[in-house]
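Below you'll find the structure, written out as structure tokens, and then a few comments.
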Amino acid sequence: MDLATSYAQRTEVNDFDPLFNAITGLNGSGKSNILDSICFLLGIYWSFNMFQVRASNLQGLVYKNGQAGITEATVSITFDNFDKKRSPLGFEKHDEVTVTRQVVIGGRNKYLINGVNANNFVVVIILFLPISLHILSPHTLEICGQISKIFNMKPPEILAVIEKADGTRMYECKKIVAQKTIEKKEAKLKEICRIVEEEITPTLQKLKEERSSYLEYQKVMRETEHLSRLYVAYQFVLAEETKTHAADVLKEMEGNIAKLQEEMTENEKKVKELGISWDQLEGRPFHFKYKHKN
């Protein structure tokens, strides 16, 4: 376990026993700092507002509040993960799981799992929940002064502590998280339904009416265009018929003219045969003699 909270230099605590460990030492040697570091990593003080660590805020966890040139506090705990049956979900392929929490002066608080940034919820809930090491169980770590409170608990309260310790309470926690998620989704669904009913549906109805009007307009325009074409075609047929009739009349008139010209030619021949020129006929009046027969 690497500690940088309240220590000026990087401090490592190794060789933890898998069954029982005790940290002892003189007053002021830093025993509480180790437990505070574990609480900081698990987020216990933040979740239950215990503030077991001796700082008023996260920035206060940095050594001398950053005045000694140190600008961040980092805690890393490496878990033995060789027993795959007890491995956290999704980490079965890793022999070790290192969880790191870091707070930076003027920066943000972040978690890392095996060096990769992770969401706080994923770290403290999903990773620690199956092994009953999580912020939802305030009795995962018992701070000095908390043991006497457990002795004074009533049976239902003791049962709750046991359930949290053996991990059965995690399913209730999952249920609570799921219920909250469902409530949020239902609220979102209601809001969506309200928007659909009050805003989208009227707009959609208006668009449908406009679409119907536009389709009716297109229908009228198509009929008008069709009738216009029929009228133009009718006018064209009438013009063709008039043209044909006029051509027939013209042909007939040309025939009459030719016939009249032929008659005039024959009359001229007859006049010449009678010995009277056309010019004489034009300049001299006609005299007719009338002879009465008894």
So what are the ³J(HN,Hα) numbers for segment 191-203, from phi and the Karplus equation (6.51, -1.76, 1.60; θ = phi - 60°), rounded to whole Hz, Gly and Pro as x?
-> 5, 5, 4, 5, 5, 4, 6, 8, 10, 6, 4, x, 5
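Could you provide, to the nearest whole Å², the per residue accessible area of segment 190-279 with probe 1.4 Å? Mind dumping the intermediate values first?
Working: 8520 Å² over 90 residues.
Accessible surface, normalised per residue, equals 95 Å².
Do me a favour and compute the ellipsoid semi-axes for segment 199-270 from its Cα gyration tensor, root of five times each eigenvalue, largest one first, whole Å.
Values: eigenvalues 939, 5, 3 Å².
For segment 199-270, the semi-axes come out at 69, 5, 4 Å.
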Members of K31/K110; K31/K93; K110/K180; K149/K174 lying beyond 29 Å, as alpha-carbon distances in this model show = K31/K93
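The values are calculated or read from the model by the stated rules, or taken from the named source; none is laboratory data. Because the structure is predicted, anything quoted here is derived from the model rather than measured. Side chains included, ligands, DNA and RNA excluded: accessible areas come from the protein's heavy atoms. Shrake-Rupley method; radii C 1.70, N 1.55, O 1.52, S 1.80 Å.
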